[in-house]
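Enquirer: I'd like to ask some things about the structure below.
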Amino acid sequence: MDFNNKLKYWYLQNNRELPWRKTKNPYHIWLSEIMLQQTRVAQGLPYYLKYIEAFPTVFDLAEASEEKVLKLWQGLGYYSRARNLHFTAKYVANELNGEFPTSYKELLKLKGIGDYTASAIASICFNEAAAVVDGNVYRVLSRYFGVATPINSTKGIKEFKELAQTLIDLDEPGVYNQAIMDFGALHCKPQKPLCDQCHIADSCVALEKGLVGTLPIKEKKIKVRKRYFNYLVLKTATGYTILNERKGKGIWQGLYEFPLVETQKSIETLEELVNCEDFQELSLNNTSISLFNEKEIVHKLSHQHLYTKFWVIELEKHAQANISWDVIKEYPVPVLIDKFLTNFQKNKI
DNA sequence: AAGGCGGGGGC
DNA sequence: GCCCCAGCCTT
């Protein structure tokens, strides 16, 4: 049997039952593929179900507010995916009459759709022989064929795409693509792969040469930056606070947060906080300020560690405090803020 | 070509 | 602590 038939045979017996596997509706497939970028199936699945329910068609998604789209995405991370998703939904609904493009080449032009996602949609929905290369495919191919080219180098990306393209099943490209990904996710896993019960182990180069633990090869490690956040949680006597939308390029674009005082190192005293320029700009006088979390909260992103303190500020009124505590949970916020809100409101009762 | 972008889970 | 996850976009 060929490599592709062996994988399809494995898939026949071992595939996961997932909601997006019951359909070829490009809207559903697109939604699932965007959500699963750099995301485990277990984490993405509940979001997929929420989205299908809230936005049954691409028109529903197109008509939704950006805030609603981000709110339902809250917690899934990489929020540019949600913004691009919304942009593309509007484009497909308004410019393409709700019909997704039907080829790899055309799909690739849509915002938020790269090589992987265009290949996935084209193969699954339209039977086009476009090979997907995701983290699973890199691992399976590098091990089975003993390819040591770094998977995140320009050369490696090209090489693995070409190799994958020579292997794809021409009759059922969509099934084959999902088969190799499921095989990578469930069987040829990063840690503790199931080599002793693998049906293609006899022709696996990595197993033969003892390279299963070292392949695939990835170069460059990301550096983690430390940041020190102080959030000013206002509480007016009438029950209002301030939330700001994060703009610009950094993390959490489009999400909301309390007024932020960022410093170069951890703030230890109230006096230090009050002397910060960003604090003084809010002109808070006659207030009572207390530190909510005695122990700094460390919120870890893949490339930043955020050392965070929440300062609760009670005051009579404030010109900018226009968000009622009653509706604060309707705003899309980072997980860091959401966890605080849960704790804060629990303690109050 | 390199860097930025979340959050969770496994070990 | 480190690595990885159905990657993409910007510079």
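Readers should treat all values here as calculations from the given coordinates under stated rules, not as data from a laboratory. On a predicted model such as this, the values are computed, not experimentally measured, just so you know. Cβ coordinates were reconstructed from backbone atoms using ideal geometry, including for glycine residues, and neighbour counts include every protein chain displayed.
Enquirer: To the nearest µm²/s, what D does Stokes-Einstein give for the stretch A:152-230 at 20 °C and 1.002 mPa s, using the Kirkwood radius over alpha carbon pairs as Rh?
Expert: After rounding, the answer is 139 µm²/s.
Enquirer: What 222 nm value per residue comes from the helices of chain A, counting each DSSP H run with n ≥ 4 as -39,500 (n - 2.57) and dividing by all residues, nearest 500 deg cm²/dmol?
Expert: Mean residue ellipticity, 222 nm, calculated: -12500 deg cm²/dmol.
Enquirer: Would you mind pulling out the separation of the Cα centroids of the stretch A:1-57 and the stretch A:252-276, in Å?
Expert: 41
Enquirer: If we count every other residue with Cβ under 12 angstrom of residue A:293's Cβ, Lys/Arg +1 and Asp/Glu -1, where does the sum land?
Expert: Local net charge: +1.
Enquirer: Of all DSSP beta bridges located in chain A, what percent are antiparallel, nearest 5?
Expert: About 55 percent, rounded to the nearest 5.
Enquirer: Apply the a/c threshold of 1.5 to the C-alpha gyration tensor of the stretch A:139-284 and tell me whether it is rounded, prolate or oblate.
Expert: Since a/c reaches 1.5 and a/b is larger than b/c, the shape of the stretch A:139-284 is classed as prolate.
Enquirer: On a 29 Å Cα-Cα criterion, which of the cross-link pairs A:24/A:218; A:8/A:161; A:50/A:265; A:71/A:309 come out too long?
Expert: A:24/A:218; A:50/A:265
Enquirer: In percent, how large is the relative contact order of the stretch A:10-132, given Cα pairs closer than 8 Å and 6 or more residues apart?
Expert: 23
Enquirer: Over the alpha-carbon set of the stretch A:12-149, divide Rg by the Kirkwood Rh and report the Rg/Rh ratio to two decimals.
Expert: Value, to two decimals: 0.98.
Enquirer: Please report the orientation-averaged projected area of the stretch A:149-191, defined via the convex hull of its C-alpha atoms, in nm².
Expert: 3.5
Enquirer: By what distance, in whole Å, do the Cα atoms of the stretch A:188-234 stretch along each of the three principal axes, largest value first?
Expert: Its Cα atoms span 64, 24, 10 Å along the three principal axes.
Enquirer: Enter the mean projected area of the convex hull around the alpha-carbon atoms of the stretch A:1-81, in nm², rounded to one decimal.
Expert: About 6.3 nm², averaged over all directions.
Enquirer: Which translational diffusion coefficient, to the nearest whole µm²/s, is obtained for the stretch A:67-120 from the Stokes-Einstein equation, given a Kirkwood hydrodynamic radius over C-alpha pairs, 20 °C and 1.002 mPa s?
Expert: Calculated translational D: 181 µm²/s.
Enquirer: Counting only C-alpha contacts under 8 Å and six or more residues apart, can you give the relative contact order of chain A as a whole percent?
Expert: 16
Enquirer: Taking N as the number of residues in chain A, what is its alpha-carbon radius of gyration divided by 2.2 N^0.38 Å?
Expert: Relative to the rule-of-thumb radius for its length, chain A sits at 1.20.
Enquirer: Per residue and in cubic angstrom, what volume does the convex hull of the Cα atoms of the stretch A:259-349 have?
Expert: Convex hull volume per residue, Cα atoms: 127 Å³.
Enquirer: Between 0 and 90 degrees, rounded to the nearest ten: what's the tilt of helix A:135-144 against the longest Cα principal axis of chain A?
Expert: Here the helix axis deviates by roughly 40 degrees.
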